[in-house]
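Just so it is clear, none of the values below were taken in a lab; they were calculated from the coordinates. Worth saying up front: this structure is predicted, and the values here are computed from it rather than measured. Neighbour counts are summed over all protein chains in view; Cβ atoms, including those assigned to glycine, are modelled from backbone coordinates with ideal geometry.
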Amino acid sequence: MNEKAMGNFSELVQKRRSVRKFTDEEIKAEDLQTILRAALMSPTSKGTRAWHFVVVDDKDLLEKMSLCRPMGSQFIAGAKVAVVVLGDREVTDAWCEDASIAAVTMQYQAADLGLGSCWCQIRNRFMENGEPSDNVLRFLLRYPENLTAECVIGIGYPAIERKPQDEDKLKWENVHVGAFPQEVE
Ligand SMILES: Cc1cc2nc3c(=O)[nH]c(=O)nc-3n(C[C@H](O)[C@H](O)[C@H](O)COP(=O)(O)O)c2cc1C
């Protein structure tokens, strides 16, 4: 096990934070493979596994991808690797859920390996001129029309340390046991 690895899932979920600044350290090929393996093992509606993943490590391409939105995507330029998570709309109506679950599974696997990551939303995001961010990525990465990018996960070694999730700020009030409480007049 990697020396930074957690070994305990409840610790891992507390430790995982979005990381948008990365060092220059290369991601080991086997670690990247472990991250993609996690995506490929993630649950999908009816077991369709109708996602695709485009793995990008080319600096120029990462920079171009980082301009696919007016804001919120710039961190991709500094990522060591970005994984574009695509769903196949022609195969499943749950493509968005399946892609999201694969994406977040990669994020937890990355955190378990001591890597940082952040989600960049692509679906329903647009350039200033109204062009969908998905089209910008489609042009750069040549994926077919039946696929839509849900998100890009930028990955690398964290350049800054982030505090774990604050146990005292968890929104337990949003958890409703049994049913929502009855309104009292
Ligand atoms: C559906 C979704 C979309 C997100 N989109 C972006 C994004 O476009 N750009 C970005 O920098 N972070 C994005 N994030 C990361 C969130 O900002 C981050 O998860 C949130 O602020 C909570 O911080 P934490 O991940 O450190 O707990 C996204 C996260 C999710 C789950």
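Net length available on complete extension from GLN33 to ARG17 is 3.6 nm, with 0.36 nm assigned per residue and the Cα-Cα distance removed. Straight-distance candidates among the aspartates and glutamates for linking to LYS59, with alpha-carbon spacing under 13 Å and chain neighbours fewer than 8 residues away dropped: ASP24, GLU26. A simple spin-label model places the labels of GLU97 and ASP24 4.5 nm from each other, with each point 7 Å out along Cα-to-Cβ. Which of the GluC sites (Glu not before Pro) found in the range 104-159 are loop residues per DSSP with 13 or fewer other Cβ atoms within 10 Å of their Cβ? Here the GluC sites (Glu not before Pro) that fit, given the DSSP loop and packing criteria, are GLU128, GLU145. Taking a Cβ cut-off of under 11 Å around PHE126, the surrounding Lys, Arg, Asp and Glu residues balance to a net charge of 0, with basic ones at +1 and acidic ones at -1. Each peptide among 108-119, 33-44 gets the average number of other Cβ atoms lying within 10 Å of its residues, and from highest to lowest they stand as 108-119, 33-44.
The value of relative contact order for the chain, using C-alpha pairs under 8 Å at least six residues apart, is 32 percent. Judged by the gyration tensor of its Cα atoms, with axes a ≥ b ≥ c, the range 66-124 is oblate; a/c meets the 1.5 cut and b/c is at least as large as a/b. Taking a ≥ b ≥ c as the square roots of the eigenvalues of the alpha carbon gyration tensor, the range 33-136 is oblate, as a/c is not under 1.5 and a/b does not beat b/c.
The GluC sites (Glu not before Pro) of the range 23-65 that DSSP puts in a loop, and whose beta carbon has at most 16 other beta carbons within 10 Å, are GLU25, GLU26. Each residue of the range 121-134 was assigned a 3J(HN,Hα) from its phi angle through the Karplus curve 6.51 cos²θ - 1.76 cosθ + 1.60 (θ = phi - 60°); the sequence is 5, 10, 4, 6, 10, 9, 6, 4, 7, x, 5, x, 4, 4 Hz, with glycine and proline shown as x.
Summing charges over all other residues whose Cβ lies under 15 Å from the Cβ of VAL85, with Lys and Arg as +1 and Asp and Glu as -1, gives +1. Computed over the alpha-carbon atoms, the chain gives an Rg to Rh ratio of 1.01, Rh here being the Kirkwood radius from the mean inverse distance. For the range 176-185, the Karplus equation 6.51 cos²θ - 1.76 cosθ + 1.60, evaluated at θ = phi - 60°, returns couplings of 10, 7, x, 7, 5, x, 6, 5, 10, 7 Hz by residue, with Gly and Pro reported as x.
Taking the Cα atoms of the range 1-94, the ratio Rg/Rh between the radius of gyration and the Kirkwood radius comes to 0.99. Rounded, prolate or oblate, given the Cα gyration tensor of the range 124-185, with a/c below 1.5 counting as rounded? The shape class here is oblate.
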